[in-house]
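One structure below.
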Amino acid sequence: MRAQRIGVIGGGLMGHGIAYLFAAAGHTVAVFEPAADIRASLPRRLQSILELLGDDPALLARIEAYDALAPAMAGAAFVFEAAPEKLPLKQQIFAELENAVAPETILASNSSAIRSTEISRHLKHRGRVIGTHFWNPPHLVPLVEVIQNENTADAGKVPVHVRRDVPGFVGNRLQHAMKREAFALVAAGVCDADTIDTVVREGFGARTAVLGPMEQADLVGLDLNLDIAEVLYEHLDRTAGPPAVLRDKVKAGKLGMKTGEGMRQWTPEAADAVRSRLSRFLAAQARGRKKNPA
């Protein structure tokens, strides 16, 4: 693919990693970030990724940050929105984008759960809007879900794996189905949060990097899966909406690592250790993929 100008809306948690990905692939990237503090920290965060992956320092010169949307997106062939998960905000951004880019520019939302059909609901040219759900951190996790919505034009299609525009797409529906059960187990006193994490990390989580759930089902046999389902499924949590334990924690200001307590207690050192462990693991996988591409 020839080098093109890529626009990224948002330079925060996801946006800076998405920008790095495209710059590493040889494209020029314009990042629109209205918050001065986030914009100022962008070079440092990009440099951290570079050092982690050992890439060519020259690639950082292909990324430029802007404080205004229109000049940042001018000339972009693709725009990836990575703004906060608020539908009115995303709709406002896409309305501004429609007037700032060329008619053929593909507009993509990195929303984790909001349907791109809803984000583009009030646009004049909805056929060029798609969902592209990168996983955190995007510069280390290789998966991106490309979602064709009900208005995607034939001329704008790319190879898709998510064929219906449903809330949460595929990955987050699977991930949050497990989290719902995890919250329910803790709330019911079956086990504590530490036990949940240990069971996932040291149990079935150890194989999920190389074995998907459908592969695992076929591996052990669908007959065994049916036997387990007949006994287990009626006992799984079916709460409609967020669980009470999650709402109560948020209401109490116990938001996780950033506040020192969530489902578990966190010192700054313990939180940093988890972030470092995750980063080292994903970086090692990323380096391995570069040496041994599929």
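The values are calculated or read from the model by the stated rules, or taken from the named source; none is laboratory data. Model, not experiment: these values are computed from the prediction. Note that each Cβ is placed from the backbone with ideal geometry, even for glycine, and that neighbours are counted across all protein chains shown. SASA here: full protein model, heavy atoms, side chains in, ligands and nucleic acids out. Shrake-Rupley method; radii C 1.70, N 1.55, O 1.52, S 1.80 Å.
If R₀ is 25 angstrom, what is the calculated FRET efficiency for the pair Ala95 and Arg173, using the beta carbon separation as r and rounding to 0.05?
Numbers: r = 28 Å, r/R0 = 1.12.
The value I calculate is 0.35.
Between Lys258 and Ala35, what length comes free when the chain is fully extended (0.36 nm per residue of separation minus the Cα-Cα distance, one decimal in nm)? Walk me through the numbers on the way to the answer.
On the way: separation 223, 0.36 × 223 = 80.28 nm, distance 1.96 nm.
Full extension from Lys258 to Ala35 adds 78.3 nm.
Pop out the carbon and sulfur fraction of the accessible area of the chain as a percent, whole number, probe 1.4 Å.
59
Taking 7 Å along the Cα-to-C-beta vector as the label spot, tell me the Glu150-Leu219 distance in nanometres, rounded to one decimal.
The answer from the label model is 3.8 nm.
At Glu202 and Arg44, where each label point lies 7 Å from the Cα along Cα→Cβ, what is the point-to-point distance in nanometres?
Label at Glu202, label at Arg44, 3.7 nm between them.
Any chance you could give the angle, 0 to 90 degrees and rounded to 10, that helix 222-232 forms with the longest Cα principal axis of the chain?
That helix lies at roughly 70 degrees to the long axis.
Return the distance in nm (one decimal) between the two label points of a simple spin-label model at Glu118 and Leu211, each offset 7 Å from Cα along Cα→Cβ.
Going by the 7 Å Cα→Cβ label model, 3.6 nm.
Full extension from Val231 to Arg275: what is 0.36 nm times the residue separation minus their Cα-Cα distance, to one decimal in nm?
Details: separation 44, 0.36 × 44 = 15.84 nm, distance 3.75 nm.
Net length gain for the segment: 12.1 nm.
Under 4 °C and 1.567 mPa s, how fast does region 166-281 diffuse according to Stokes-Einstein, given a Kirkwood radius computed over C-alpha pairs? Answer in µm²/s, whole number.
Working: Rh = 16.5 Å.
Result for D is 79 µm²/s.
Loop-only GluC sites (Glu not before Pro) in region 1-103, please: DSSP not H, G, I, E or B, and at most 11 other Cβ atoms within 10 Å.
Working: sites: Glu51, Glu64, Glu81, Glu85, Glu96, Glu98; in loops: Glu85.
The qualifying sites are Glu85.
Using only Cα atoms, tell me the angle between helix 268-291 and the longest principal axis of the chain; keep it within 0 to 90° and round to the nearest 10.
So the helix axis and the longest Cα principal axis differ by about 70 degrees.
Listed here are the pairs Lys124/Lys251; Lys86/Lys251; Lys258/Lys290; Lys86/Lys249; which of them are more than 28 Å apart at the Cα? Numbers along the way, then the final one.
Working: Lys124/Lys251 39 Å; Lys86/Lys251 19 Å; Lys258/Lys290 33 Å; Lys86/Lys249 21 Å.
Flagged as over cut-off: Lys124/Lys251; Lys258/Lys290.
Once Rh is set to the Kirkwood radius over Cα pairs, what Stokes-Einstein translational diffusion coefficient, in µm²/s, holds for the chain at a temperature of 25 °C and a viscosity of 0.890 mPa s?
Numbers: Rh = 21.3 Å.
Taking Rh from Cα pairs, D becomes 115 µm²/s.
How far, in degrees from 0 to 90, does helix 193-202 lean away from the longest principal axis of the Cα atoms of the chain, to the nearest 10?
Its long axis makes an angle of about 80 degrees.
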